[in-house]
Amino acid sequence: MPGFVESRNERGEQTVVIEPERLVEACEHLREDGFNFLSDVTAVDYFGWGSKGVAGYIGTASGRNLNAPGSQGLERQPSVKPKRFAVNYHLLAIPDGRRARVQVWLDDGESVPSVVRVWPTADWHEREAWDMMGIRFEGHPNLSRILMEDDWEGHPLRKDYPLGGEPVRFSGDE
């Protein structure tokens, strides 16, 4: 497969990690292999992932462990991620029911090629990832906001988006 980095099977789901610059070639290869439906494109922000966090509630047979250092409330420390953002493409092969996830990793400011010419439904999915996370899709025919207002500043699903302190925009006190 073009741009192949690694493949893993977790919880019954197959994930193939691809180099971002070879994404379109890999998607064309998968489409020719029968993956004819792109069901979703999701972006994940791993800002601060794996760094020392606050201990959380971990249920064990002997009770809750409130003091596990760096647990971040998880049973085990999260694995280190290769870059800050993951963009996941969830594919289906209809009618035989095969599923696959194609994943690319990006740092802040890096872009990924658009797959709209491979699967036209990627149009709205990529626009949502741009609008909410600020991930730029090179070659997208209309990369504009789809959920937020056109003049909205920032990307609200990023982990570094400011929480609170924002003025109420529709209060009538303008």
Go through 3-11, 23-31 and give me the packing order, highest mean Cβ count within 10 Å leading.
-> 23-31, 3-11
Among 38-44, 84-90, how do they line up from the highest to the lowest mean number of other beta-carbon atoms within 10 Å?
-> 84-90, 38-44
Quickly rank 129-139, 104-114 as a protection proxy: mean count of other C-beta atoms within 10 Å, highest first.
-> 129-139, 104-114
Return the sequence-ordered ³J(HN,Hα) values of the range 119-124 in whole Hz as given by the Karplus equation 6.51 cos²θ - 1.76 cosθ + 1.60 applied to θ = phi - 60°, using x for Gly and Pro.
-> 10, x, 5, 5, 3, 6
Subtracting the Cα-Cα distance of Leu163 and Ser144 from 0.36 nm times their residue separation yields 4.5 nm
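No value in this document is a laboratory result; all are computed from the given coordinates. All of these numbers come straight from a predicted model, not from anything done at the bench. Don't worry about glycine lacking a Cβ; one is built from the backbone with ideal geometry, like all the others, and counts go over all protein chains shown.
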